[in-house]
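Peer 1: Sharing a structure with you now.
The values are calculated or read from the model by the stated rules, or taken from the named source; none is laboratory data. This structure is a prediction, so every number in the text was calculated from the model and none was measured. For neighbour counting, all protein chains shown are included, and Cβ atoms are generated from backbone atoms with ideal geometry for every residue, glycine included. Protein only, heavy atoms only, side chains kept; ligands, DNA and RNA dropped before computing areas. Shrake-Rupley method; radii C 1.70, N 1.55, O 1.52, S 1.80 Å.
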Amino acid sequence: MNNQNQITCDEIIKQTVFHNIKHHKALLVAYSGGVDSTVLMHVLVKLKKQLLPNLELKAIYIHHGLSSNADNWEMHCKQQCQTWQIPIIIEKVRLDPIAGNIEEQARNARYQAIYRHLKDDETLCTAQHLDDQCETFFLALKRGSGPAGLSAMPRENQQHLRPLLTISRSQIETYANKHQLNWIEDESNQDDHYERNFLRLKVLPILNQRWPHFSQMVARSAELCQQQETLINELLLVEFKQVITEQNQLAIAPLMDYSEYKRNAILRMWFKHNHINMPTRQQITLIWQTVALAKEDANPKFIFNNQQVRRYQNQLYLLALHQDIEQQILNWDLALPLTLPDNVGELQINYQTDLCCRLPQADEKITVRFHAQGKFQIVNRHGSRSIKKLWQEHNIPPWMRTRIPLIYYNEQLICAVGAFVTEQGKGTQIGFILVKNNL
């Protein structure tokens, strides 16, 4: 490539990045030390010095520990950021080599670690480029994805910005060589056992040799899929708002009147609305058939991606998977708040609640449990009822019935926090509230 082309490439990258970041005040840059993120960091540092002096830049390096060179790469990134006078965060993550799909594990762990450090006023800035977009499209095609998957990567969504998405790998390498940048080469990039590397090393070079603008055309197809997906979402948004509740449940009855295609699109919007990895077409079909259409007296459940879909009172619920804490018994002396297992929350004393109880007597030991059996008479109600009937009367879904803290004095149930007080606990001396964790 001649010098004139180098200058043109240099300006194209600089102007592209400037156009994409100029309205952002603070960027957290995912910096691996590879050529892509090195060029991105170099351009951002230059723009900060020349055009955007108020831009706040910070880098983050994720240490996966998969390579024997990872410690050297960490040191390289630290030294580079020191030269650029950019603060850097080093975050180490653990992967399980025997758990399968190490690529997906690494990606998920990387983004989880990054988002723990991303502040509300910051935007994550990553160095994916045109060739990455082409690879992402092909991987989605291999999975049999529809328009949502074939949309590949957006240039910007929420707090994530990809300013190099229209820049090719060859342009990035040209820039790096012109400015004599130092970067690291991950030896795993040459291992075509990994799907993305197979495309990069074996497939796309042949296609680009035959059709020089192939990657640009794939990116155009991805953009058209994005536009189609956006249009579909806009057209369905009115109906989606009509079937989703304020508590984020999905009403089943209206979906019964929709065509299968429309119903599946609404279900996909629900998962996207909850930032859940999109289930496959088969999984969506099974969710509808085995959960939504289950027998009326059933307690159906469908598990995928560490989530569960449940049904209660003709509504679908999307929930995280829960540990079984039904048999746990916790002692409590009331002196301090009690942290409950599996992120249930923190149990506190609160005298303002409507559900107050009597204080325990001197010979009564206080425990917190998550299971009860038998019949109980509750305050201001005649006759006793089974615990199952009480849960039903208070509209407590089945999966929550073993996650509501139960206050016991010795072996006597005194109250279900936030739900009811038994006659044996009747009083006005003390109240209990559950403070939920923000998870």
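Peer 1: Grab the strands (runs of 3 or more DSSP E) fully contained in the range 28-144, keeping just those with 2 or more residues being open to solvent by less than 20 Å² (accessible area, probe 1.4 Å).
Peer 2: Where strands (runs of 3 or more DSSP E) fall fully within the range 28-144 and carry at least 2 residues being open to solvent by less than 20 Å² (accessible area, probe 1.4 Å), they are 56-63, 123-125.
Peer 1: If A292 satisfies every condition in (1) touching a helix residue (DSSP H, G or I) at 6+ places or on another chain (Cβ under 9 Å); (2) of a type in the set (G, A, S); (3) under 29 Å from N157 (Cα atoms) but one, which is the exception?
Peer 2: Exception for A292: condition (3).
Peer 1: Select, from N197, N208, the only residue that is among the polar types (S, T, N, Q) and within 21 Å of H64 (Cβ to Cβ). Lay out the reasoning, then the answer.
Peer 2: Details: N208 fails: within 21 Å of H64 (Cβ to Cβ).
The match here is N197.
Peer 1: Yes or no: N177 assigned to a helix (DSSP H, G or I) and either surrounded by fewer than 19 Cβ atoms within 10 Å (Cβ to Cβ) or touching a strand residue (DSSP E or B) at 6+ places or on another chain (Cβ under 8 Å) (or both)?
Peer 2: yes
Peer 1: Sticking with this one: Checking the conditions here, which among L340, L318 is surrounded by 11 or more Cβ atoms within 10 Å (Cβ to Cβ), more than 23 Å from Q392 (Cα to Cα), of a type in the set (A, V, I, L, M) and touching a residue at least 24 places away in the same chain (Cβ under 8 Å)?
Peer 2: Going through L340, L318 in turn, just one is surrounded by 11 or more Cβ atoms within 10 Å (Cβ to Cβ), more than 23 Å from Q392 (Cα to Cα), of a type in the set (A, V, I, L, M) and touching a residue at least 24 places away in the same chain (Cβ under 8 Å): L340.
Peer 1: Do we have any residue at all in the range 382-390 that's assigned to a strand (DSSP E or B), surrounded by 14 or more Cβ atoms within 10 Å (Cβ to Cβ), touching an Asp or Glu at 6+ places or on another chain (Cβ under 8 Å) and not aromatic (F, W, Y)?
Peer 2: yes
Peer 1: From T290, T245, grab the single residue that is open to solvent by 60 Å² or more (accessible area, probe 1.4 Å), closer than 30 Å to Q112 by Cβ and over 19 Å from the mean Cα position of the chain (by Cα).
Peer 2: Result: T290 is the single residue among T290, T245 that is open to solvent by 60 Å² or more (accessible area, probe 1.4 Å), closer than 30 Å to Q112 by Cβ and over 19 Å from the mean Cα position of the chain (by Cα).
Peer 1: Quick check on the range 321-337: of everything there that is under 20 Å from F302 (Cα atoms) and open to solvent by 100 Å² or more (accessible area, probe 1.4 Å), which residue is nearest to the chain's Cα centre (by Cα)?
Peer 2: Within the range 321-337, the match that is nearest to the chain's Cα centre (by Cα) is Q323.
Peer 1: Residues in the range 360-376 that are more than 38 Å from the chain's Cα centre (by Cα), surrounded by fewer than 14 Cβ atoms within 10 Å (Cβ to Cβ) and not charged (D, E, K, R): how many?
Peer 2: Result for the range 360-376: 3.
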